[in-house]
Amino acid sequence: MEKREELQQEKKKWLEEVYGKICTKMSAECTRVGDRIPYIPENGRYEGDLAETDVCWWTNGFWGGILWQMYHATGEEKYRLAAEGVENKMDAAFTSIGKLNHDVGFMWLHTAVADYRLTGNPKSRERGENAANILAGRFNPLGKFIRAWNGDSNIGWMIIDCMMNIPLLYWMSEENKDPRFKSIALMHADTAMEKLVRPDGSCNHIGIMDPLTGDLLEAPGGQGYEENSSWSRGQAWALYGFALSYHHTKEVKYLDAAKRIAHYFIANAAMTDYLPLCDFRAPEEPVFYDSTAGACAACGLLEIAGFVPENEKKLYEDSAYRILRAMEEHFANWDENVDAILEMGKVAYHGEAGQEAIIYGDYFFIEAILRMLDKDCFIW
């Protein structure tokens with residue numbers, strides 16, 4: 001018992017130290033970046049503004065999410081003002097609906113819905129409702145899935161990433177009492193659980209479905225190494241996504257799915273000292289890590305820990321802590337003159353870019369640390 005208390009004190013000390021570093025770095029970053037919308041730093045700095053170059057890009061909500069999390073944790077007005085600026089700029093995306101896709105949840109949960117949850121801004125609620133209607137409109141009622149991406153070649157495609165977008169639909173039904181949105185989310189989650197999650201807890205990234213029947217025709221490797229491999233960020237999307245479906249529905253099958261995926265993720269991350277590889281089933285060389293997968297998975301593990309019995313919590317909480325601590329030690333850059341915290345992200349296994357910092361890695365890392373300190377804002 002005494003040893004356990006010492007470990008808890010050590011964890012608390014580490015979390016407070018990291019929180020202090022986050023506050024220092026994000027304060028400097030907010031001053032530099034303001035309401036510009038960043039993605040990947042170039043030579044250590046976020047250059048440009050995706051609001052001007054690609055306002056429909058799927059990651060455009062994550063900077064806003066960081067800003068709202070920091071505003072909620074610190075109360076500093078500069079974060080709120082910058083977040084509101086990001087949200088206003090994203091209105092332009094609604095004039096190009098044909099370019100928006102399944103990722104509208106990532107885009108507006110972190111901006112408009114976060115704003116509405118924290119401030120009650122009616123304009124933000126309207127934006128969230130617009131995004132929810134776009135996502136619901138992508139639902140294929142024959143196959144019972146939300147279609148991924150756009151274009152004639154993707155008509156029957158669904159992807160595991162969308163499990164992180166359907167909380168927008170749960171929120172909409174909770175907000176306006178219209179069951180259509182939740183029912184779409186439920187049907188999509190059930191199809192993903194059946195078609196994309198494998199018996200061992202690993203997941204397919206992509207499912208190519210017959211759009212008339214919902215039969216699974218093919219499961220290509222997508223952003224992972226190859227077909228039947230195990231893209232780690234896809235595992236993290238599934239882990240957190242099914243945990244969030246349980247959060248909103250209390251249907252045990254979703255918690256069971258999240259736990260099965262979590263056990264698979266934990267076992268694989270442990271083999272590389274809790275620094276997740278980009279694909280758990282890729283060849284030993286070259287070695288590609290993905291810090292974004294670890295950060296997202298940590299959030300999902302903490303979400304699961306909030307719902308399981310006391311005697312199960314330790315596995316999920318301690319695993320999240322080990323992943324976060326390992327990544328902070330090996331992948332974090334705390335230089336306040338350099339943008340982004342977590343380095344060693346990987347967009348796709350076969351992508352031309354190497355290991356790099358990516359905005360959503362920082363979002364999930366910050367969310368996880370704040371969660372462990374009970375300072376987070378629930379965005380999902």
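The values are calculated or read from the model by the stated rules, or taken from the named source; none is laboratory data. Given the structure is predicted, the values throughout are model-derived calculations rather than measurements. Positions of Cβ are generated from backbone atoms using ideal geometry, with glycine treated the same way; all protein chains shown enter the neighbour counts.
Results, tabulated for the structure shown:
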{"item": "Filter result (more than 15 Å from residue 238 (Cα to Cα), among the hydrophobic types (A, V, I, L, M, F, W, C) and within 23 Å of the chain's Cα centre (by Cα)) within region 149-171", "result": "149, 157, 168, 169, 171"}
{"item": "Filter result (of a type in the set (Gly, Ala, Ser) and over 17 Å from residue 43 (Cβ atoms)) within region 312-345", "result": "319, 320, 326, 332"}
{"item": "Qualifying positions in region 107-141 - assigned to a helix (DSSP H, G or I) and within 20 Å of residue 186 (Cβ to Cβ)", "result": "109, 113, 128, 129, 131, 132, 133, 134, 135, 136"}
{"item": "Pick from region 46-97, criterion hydroxyl-bearing (Ser, Thr, Tyr) and under 18 Å from residue 128 (Cα atoms), ranking: surrounded by the most Cβ atoms within 10 Å (Cβ to Cβ)", "result": "59"}
{"item": "Some residue of region 181-188 being touching a strand residue (DSSP E or B) at 6+ places or on another chain (Cβ under 7 Å), within 20 Å of residue 232 (Cα to Cα) and buried (at least 24 other Cβ atoms within 10 Å of the Cβ)", "result": "no"}
{"item": "Only listed residue being of a type outside the set (Lys, Arg), out of contact with any helix residue (DSSP H, G or I) (no Cβ under 6 Å at 6 or more places or on another chain) and more than 23 Å from residue 315 (Cα to Cα), chosen from 264, 225", "result": "225"}
{"item": "So residue 21, is it in a helix (DSSP H, G or I), in contact with an Asp or Glu (Cβ under 6 Å, 6 or more places away or on another chain), modelled with pLDDT of 95 or more and closer than 18 Å to residue 341 by Cβ", "result": "no"}
{"item": "Residue check, residue 308 in contact with a strand residue (DSSP E or B) (Cβ under 8 Å, 6 or more places away or on another chain), at pLDDT 95 or above and either within 25 Å of residue 160 (Cβ to Cβ) or of a type in the set (A, V, I, L, M) (or both)", "result": "no"}
